[in-house]
Amino acid sequence: MIHMNKKNIGLGAIAVTAALLAGCGPANAGEANDTTSKTSATQLTTNENGCVSRTFTESSVTTNGNLVTEHRRETRTNMDAQGNILETSTSEYAQSYNVGDTGWKMPAPKTASKGGKEPAATSTDSFLGLKFGAVFETTNKVCDAYEPSLLCASFTPKKPLAGFDDYYVYLTPKTHKVAKVFACAKNAVEPGSSWRRHYLIEALEKRYQTWAMLRSVWRPYYAFNISPDRYVTVCLAGANDTYETVIEAGDENVLRLAADEQEQLRDEARKNAAARRGKKVSDAAEAF
């Protein structure tokens, strides 16, 4: 039913650095009509296996008359413990707006309460109301040729997304646990505002407190590396032959469980087939 390219995630712990851009006010009469400010930041993250993830972020804010343009470029390099480069990827975006408006900023984390309790971290264990790893009870499960180790079922979220037509959940084949969730629109979901990034991208950035990374030069295909084992991808247009816009969320741990369950089912099927054949041979031998 749903066929999308597998997400591209390198080895190592995933960390995204958000360099907040400084606000720009209107240019005074004595100032230049075109001004630009630039910032850069580098972050290194090492996981338990010694693999290193290096993220270099460059940001700029340009004011030209009444128009402010923000540009962000992020380069990520994943290396093994010996320093060999395993993967390099680059993503960037730009947005423009009039002076007096505000560009998008990473939402500030909530401060601790008076009682000293830290605020709860942004929940990433669910998507569209379905919790990853939870058992999903349904009678409309079907097999999907594109996902041989998963079962597919349609569902309706409690709060549907505007402009989306169908929703699918992919389950482990034996225990029926939620592994992937899809939201699909037959027509491209319009951004609704010129000179802005798509509102779905901004909404997901706000939801997960991380930046979107462009993963394709041919179409608007973005990825959010939520954690080493959880991800979200968005294709805003040209997703597949059936749908224009597709949002996918998945959990790698549950997907690995699905592969193990599929192998268990295959082993059980082989054993059952061997037992049935053995019985046929015995029955025929007795008849002879």
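From the residues in segment 221-245 that are part of a loop (DSSP other than H, G, I, E, B) and small (Gly, Ala, Ser), which one is nearest to Ala179 (Cα to Cα)?
Ranking the qualifying residues of segment 221-245, first place goes to Ala239.
Can you name the residue in segment 142-171 that is part of a loop (DSSP other than H, G, I, E, B) and exposed (fewer than 14 other Cβ atoms within 10 Å of the Cβ) and is also modelled with the lowest pLDDT among such residues?
For segment 142-171, the residue satisfying everything is Ala145.
A quick yes/no check of all residues on (1) assigned to a loop (DSSP other than H, G, I, E, B); (2) of a type in the set (D, E, K, R):
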site: Pro173; (1), (2): yes, no
site: Val178; (1), (2): no, no
site: Ala183; (1), (2): no, no
site: Lys206; (1), (2): no, yes
site: Thr210; (1), (2): yes, no
site: Arg219; (1), (2): yes, yes
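Would you confirm whether or not segment 188-196 contains a residue that is more than 23 Å from Glu263 (Cα to Cα), of a type in the set (Lys, Arg), touching a helix residue (DSSP H, G or I) at 6+ places or on another chain (Cβ under 9 Å) and assigned to a loop (DSSP other than H, G, I, E, B)?
Yes; the residues of segment 188-196 include at least one that is more than 23 Å from Glu263 (Cα to Cα), of a type in the set (Lys, Arg), touching a helix residue (DSSP H, G or I) at 6+ places or on another chain (Cβ under 9 Å) and assigned to a loop (DSSP other than H, G, I, E, B).
Please enumerate the residues belonging to segment 34-83 that are acidic (Asp, Glu), in a strand (DSSP E or B) and exposed (fewer than 12 other Cβ atoms within 10 Å of the Cβ).
The one that is acidic (Asp, Glu), in a strand (DSSP E or B) and exposed (fewer than 12 other Cβ atoms within 10 Å of the Cβ): Asp34.
The values are calculated or read from the model by the stated rules, or taken from the named source; none is laboratory data. What you see is a predicted model; the values in this text were computed from it and never measured. All Cβ positions, even for glycine, are placed from backbone atoms using ideal geometry, and neighbour counts span all protein chains on display.
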